[in-house]
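To start, the structure itself, in structure tokens.
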Amino acid sequence: MSTRRENSEGGVTRKRLKPQGEDEGKAEADSVHTVQEEEIEASITGSEEMELSISLILEKIENFTQRVSELLESGKTMFKELSNEFEEKLIMIHKEQVEKWQEEIKELRAIDASNEEANAVLHNARYLLNLNQNDQ
């Protein structure tokens, strides 16, 4: 005969019983049967506690996964909004810079036109001076 006992590591060990007289054997068999029932109840209780612990851990995993998913979604939304703002500001900066350079081009053309006029007036003045000097 043997009985099963749980050791401290959660494993099961077997204990051999010595053969005894009928009355002693029957009494011991009853006590072994009672001990086995208590061990089964303890393992069921342990299993229920273990299942509860596992269930709590699985719930934590689910909650954590949900939070991560929500953070990812809010992060995506935030980055999309930031990206749109960045794009708008960059386009505005580009537009302002192009307008500034176009204004510089207009000013340069106006200066060039003014210089061309002044150059034409000076050229005419030289021509008249040269004519006047040649006539004398």
**OP:** Quick one: accessible surface of LYS80, probe radius 1.4 Å, all protein chains present, in square angstrom to the nearest 10.
**Re:** 140 Å²
Subject >> Local electrostatic count, ILE93, Cβ distance below 13 Å [Lys/Arg +1, Asp/Glu -1] >> reply: -2
**OP:** May I ask you to give the solvent-accessible area per residue for segment 69-121, in square angstrom, as obtained with a 1.4 angstrom probe?
**Re:** 96 Å²
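The values are calculated or read from the model by the stated rules, or taken from the named source; none is laboratory data. Nothing here was measured: the structure is a model prediction, and the numbers come from that model. Counting neighbours? That spans all protein chains shown, and the Cβs are built from the backbone with ideal geometry, glycine included. Each accessible area value is taken on the protein alone, full model and side chains, heavy atoms only, with ligands, DNA and RNA left out. Shrake-Rupley method; radii C 1.70, N 1.55, O 1.52, S 1.80 Å.
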